[in-house]
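Working notes, structure below.
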Amino acid sequence: MSQTKLPKIGLLYLDYVLCFFNSSNLKGWPDKIETVVYHWGNDKARFIKEVKRKKIDVLIGNIPATAYETFVEISKALPNVRFLPSLETQFSNKSKENVTLFCDKYGIATPKTEIFYDKQAGDKYLETAKYPKIVKRSYGPSNYGGYFVHKVDNKKEAKALFDKKKYLPMYIQDAIELKDSGDLRVMLIGHKPVCAFWRYSGKGEWITNTSQGGSMSYDNVPMNALELAVKTSKAAKAEYWACDIAIDAKTDQPYVLECATAFAAFPYIRDWIGQYIMWDLSEGRFQMPHVPLYSWEELGKISASLLRTMRHIHFSPYTPSTDGAYWLKDKDDNLEMELTEESQLSDVPEALAPLAPLADEGELPEKVKVAAEENEESSPIARTECFDFASVTLTQLLTLYGMDDDTAVRIKELVDNKEVSSFEELVDYEFIPKANINQWRKAFLD
């Protein structure tokens, strides 16, 4: 094994943001893996100083939309530190607008999209637009289970929606007639699809999110969707990536709906990403993961409750003994895992229009702002304020360590529908592990 000097790795954490990686995802890395925590507010100088003090060469972690511009500045102050994924790769994480700009720059097929910063211009467009349309809140990669995605069937519905929601920019997309009433999620590592599945809308619904009654299937994912996801990943120069893809029922044409480095993934997929990163950083000292195409069809037969606990799943190429020549190939495996190209500043699309600081900063939990002002020390496992259960918001639920989008949405639905009146009553619902309930109950007022 090569004795190439390994770079110093740091894992990036942010207060009140769920951690995507931990050191166990980099199993076998022989050197100490540092952690650095960004505390929001005026923490930029301290954060930069800590990265330098710990002599970190590679900083691994996703950056939320509300911190993206700050980390662009931080990365410029740390020119010798590799951010992984790069800030250029994470451009699409910040907003739906950025996804559209990215896809336009690289000729990636998306539904026809209009973006307006002037409400009068947007209202004028709504008067003559062809319906139905999809309206999305632009800022931030997560829609919390689809709660910020809306379908409008006429101009009256569209105007009423914007009057109520106050979304700006006005992000308006053609509604595609979905093949089989579903869309696809494709996850990639090193530009190779490692997991893909259909998401189908529930009965009487149009949105395909599973937290709103939808279902999913790992079977019969079409090759043209995988190829589009690969093209998108390569354009982003992404070490890991996910795309949501719609197939037009009339033409079979695939279109990118969303794409980002921030996505929910089972632990074994995060382990594969970690293994890929180790291969990338070690110049071959560690092996690249081998993940057969369509392996998700077999893994998808396992209960989700088991998949959430399965770690370090390994595949190896099938090489049988033979006395003569033989030909062997994985199923349709013409999409190979490969090294990501280095990002450049020129990779980032130009903005459509300058925007003032967005109000979403105000959606951060109050405790975050207080902690930033006090510049407290913290750990990767975030501290929490005490929330009022009856009025808890999705944003507050998502600050709880280990909380995922779908679970937060389901809890919020139970609260809003008055099916539960206290945190203790969640014990009766099987979708939350009891260990999580014991941990999260500390965040709520007695």
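The values are calculated or read from the model by the stated rules, or taken from the named source; none is laboratory data. A quick note: this is a predicted structure, and the numbers were derived from the prediction, not measured. Virtual Cβ from ideal backbone geometry, glycine too; neighbours counted across all protein chains shown.
Taking the range 104-136 as the region of interest, how many residues are buried (at least 16 other Cβ atoms within 10 Å of the Cβ) and within 21 Å of residue 178 (Cα to Cα)?
Going through the range 104-136 one residue at a time, the tally reaches 11.
Of the residues that sit in the range 61-96 and are basic (Lys, Arg) and buried (at least 21 other Cβ atoms within 10 Å of the Cβ), which one is nearest to residue 342 (Cα to Cα)? Steps first, please.
So the first thing to find is which residues in the range 61-96 are basic (Lys, Arg), and the list is 76, 82, 94, 96.
This time we only want the ones that are buried (at least 21 other Cβ atoms within 10 Å of the Cβ), so: 94, 96.
Details: 94: 20, 96: 24 Å.
Going through the qualifying residues, I end up with 94.
Can you pull out every residue in the range 72-112 that is under 30 Å from residue 53 (Cα atoms), among the charged types (D, E, K, R) and under 19 Å from the mean Cα position of the chain (by Cα)?
Across the range 72-112, the qualifying residues are 88, 94.
Can you tell me how many residues in the range 67-122 are touching a Gly at 6+ places or on another chain (Cβ under 9 Å) and of a type in the set (Lys, Arg)?
Looking only at that region, the number is 2.
How many of the residues in the range 23-41 are in a strand (DSSP E or B) and either surrounded by fewer than 17 Cβ atoms within 10 Å (Cβ to Cβ) or in contact with a Ser or Thr (Cβ under 7 Å, 6 or more places away or on another chain) (or both)?
First, pick out the residues of the range 23-41 that are in a strand (DSSP E or B): 34-38.
Now restrict to residues that are either surrounded by fewer than 17 Cβ atoms within 10 Å (Cβ to Cβ) or in contact with a Ser or Thr (Cβ under 7 Å, 6 or more places away or on another chain) (or both): 37.
Going through the range 23-41 one residue at a time, the tally reaches 1.
Filter the range 263-285 for residues that are buried (at least 21 other Cβ atoms within 10 Å of the Cβ) and modelled with pLDDT under 95 and give the result.
263
Can you find even one residue in the range 18-25 that is within 16 Å of residue 276 (Cα to Cα) and among the hydroxyl-bearing types (Ser, Thr, Tyr)?
Yes; the residues of the range 18-25 include at least one that is within 16 Å of residue 276 (Cα to Cα) and among the hydroxyl-bearing types (Ser, Thr, Tyr).
So, in the range 8-48, exactly how many residues are within 20 Å of residue 396 (Cβ to Cβ) and among the small types (Gly, Ala, Ser)?
1
With crowded, with 17+ Cβ neighbours inside 10 Å and either more than 20 Å from the chain's Cα centre (by Cα) or small (Gly, Ala, Ser) (or both) as the only criterion, which of 160, 175 stands out?
Going through 160, 175 in turn, the sole match is 175.
Take residue 54 and decide whether it is basic (Lys, Arg), farther than 24 Å from residue 269 by Cα and touching a Gly at 6+ places or on another chain (Cβ under 8 Å).
Here the answer is yes, as residue 54 does meet what is asked.
Taking the residues in the range 217-243 that are modelled with pLDDT of 95 or more and in a strand (DSSP E or B) as candidates, determine which candidate is nearest to residue 104 (Cα to Cα).
Checking each candidate, the answer is 243.
Whether any residue in the range 90-104 is part of a helix (DSSP H, G or I) and of a type in the set (Lys, Arg) is what I want to check.
Within the range 90-104 (the criterion being part of a helix (DSSP H, G or I) and of a type in the set (Lys, Arg)), the answer is yes, since at least one residue qualifies.
Looking at the range 393-414, which of the residues that are crowded, with 19+ Cβ neighbours inside 10 Å and β-branched (Val, Ile, Thr) is modelled with the lowest pLDDT?
Filtering the range 393-414 for residues that are crowded, with 19+ Cβ neighbours inside 10 Å and β-branched (Val, Ile, Thr), the one modelled with the lowest pLDDT comes out as 399.
Of all residues in the range 244-264, which are closer than 13 Å to residue 179 by Cβ and not in a strand (DSSP E or B)?
The answer is 249, 250, 251, 252, 253.
Need pairs with beta-carbon distance below 7 Å; first residue among the β-branched types (Val, Ile, Thr) and within the range 59-77, second in a loop (DSSP other than H, G, I, E, B); sequence gap 6+ or separate chains.
60/21; 66/364; 72/87
Mind listing whichever residues of the range 1-22 are surrounded by fewer than 15 Cβ atoms within 10 Å (Cβ to Cβ) and polar (S, T, N, Q)?
2, 3, 4
Tell me, yes or no, whether the range 54-69 has at least one residue that is in a loop (DSSP other than H, G, I, E, B), touching a Ser or Thr at 6+ places or on another chain (Cβ under 8 Å), at negative phi and among the β-branched types (Val, Ile, Thr). Spell out the reasoning first.
Residues of the range 54-69 that are in a loop (DSSP other than H, G, I, E, B), as a first pass: 54-57, 61-64.
Next cut, touching a Ser or Thr at 6+ places or on another chain (Cβ under 8 Å) only: 62.
Those still in the list that are at negative phi too: 62.
From the residues that got through so far, the ones that are among the β-branched types (Val, Ile, Thr) too are none.
Among the residues of the range 54-69, not one is in a loop (DSSP other than H, G, I, E, B), touching a Ser or Thr at 6+ places or on another chain (Cβ under 8 Å), at negative phi and among the β-branched types (Val, Ile, Thr), which makes the answer no.
Six or more apart or on different chains, Cβ under 8 Å: which pairs go from a residue in the range 262-283 that's farther than 19 Å from residue 86 by Cβ to one that's assigned to a helix (DSSP H, G or I) and among the acidic types (Asp, Glu)? Could you list them?
As it stands, the answer is 264/405; 264/406, since those pairs meet every condition given.
Considering only the range 265-283, I want to know if a residue exists there that is in a loop (DSSP other than H, G, I, E, B) and within 21 Å of the chain's Cα centre (by Cα). Steps first, please.
Keep residues of the range 265-283 that are in a loop (DSSP other than H, G, I, E, B), which gives 265-266, 282-283.
Still in the list and also within 21 Å of the chain's Cα centre (by Cα): 265-266.
The answer is yes, given that some residue of the range 265-283 is in a loop (DSSP other than H, G, I, E, B) and within 21 Å of the chain's Cα centre (by Cα).
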